[in-house]
Every structure is written in C-alpha cells, then in structure tokens.
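A short worksheet on the structure shown next.
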Amino acid sequence: TTPAKPTDIVYGDANCDGQVLLNDAILVMQVIGNPDEYGVDGSDKSHITEQGMINADVANVGDGLTNADALAIQEYLLKLVDELPKK
C-alpha cells in the first residue's frame, strides 16, 4: 500500500466516505475497543483502512488512534472546534 500524501487526508473521515459524521467517531471507538474486528486487518466488513487511520488521527496527530480522536471528531461536529486536526 502506498502511504497517503498529506493532500489525501480528509481529517476526521475515518470511514473514507468523503464526509465527517458521527459514524466516523463511532468507528474510531470500535477500532480502539475491538481491533481484531475493526482494525486495519479486522474481520468486520466495515473495518477501518490505513487511510482511515490517518484521517482519524485528529488529536495529538501522530500518536495513533485514541479516545481523544473520537472526542475531537464529536467536538468538530458540535462546532466546539472550528477545524480538524484539533489544535
């Protein structure tokens, strides 16, 4: 797999559907809670992709997916933060 270029990143779009919605935050929590099913090599058909992992890392960028990323996506959707990645 070719690594994503920064121009390919859609911050917050964990499921790579071109939108940032609540289901992106839910997918992040599923990946954290059940990586065997929802991780990059997960068994669930809606598991996260490598691009999704890059897109979803929006809090403390570079530290991988954490609860803070799911929270940042939710804060963005609630308009508590103006942009992602969260600064």
The relative contact order of the chain, taking Cα pairs under 8 Å that sit 6 or more residues apart, comes to a percentage of 30
Gly18 neighbourhood, Cβ < 14 Å, K/R = +1, D/E = -1, net charge -4
Computed over the chain: longest principal axis from alpha-carbon atoms vs helix 22-33 long axis, angle to nearest 10 degrees, is 50
The size of the Cβ-based charge dipole (Lys, Arg +1; Asp, Glu -1) of the stretch 35-87 about the Cα centre, to the nearest 20 debye, is 260
Carbon and sulfur atoms account, in whole percent of the 1.4 Å probe accessible area of the stretch 1-82, for 53
Summed over the other residues with a beta carbon less than 14 angstrom from that of Ser43, with K and R at +1 and D and E at -1, the charge totals -3
Counting only protein heavy atoms and rolling a 1.4 Å probe, one gets per residue an accessible area for the chain in Å² of 61
Mean Cβ-within-10 Å packing, highest first, puts peptides 17-28, 65-76, 43-54 in the order 65-76, 17-28, 43-54
The answer for Leu65, listing residues at least 5 apart or on another chain whose modeled amide H is closer than 5 Å to its amide H, is none
Dividing the mean separation of Cα pairs under 8 Å (6+ apart) by the residue count of the stretch 31-70 yields a relative contact order in percent of 27
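The values are calculated or read from the model by the stated rules, or taken from the named source; none is laboratory data. Just so it is clear, the structure is predicted and the values come from calculations on it, not from any experiment. We place every Cβ from the backbone using ideal geometry, glycine too, and count neighbours over all the protein chains shown. What goes into the accessible areas is simple: the full protein's heavy atoms, side chains included, and nothing from ligands, DNA or RNA. Shrake-Rupley method; radii C 1.70, N 1.55, O 1.52, S 1.80 Å.
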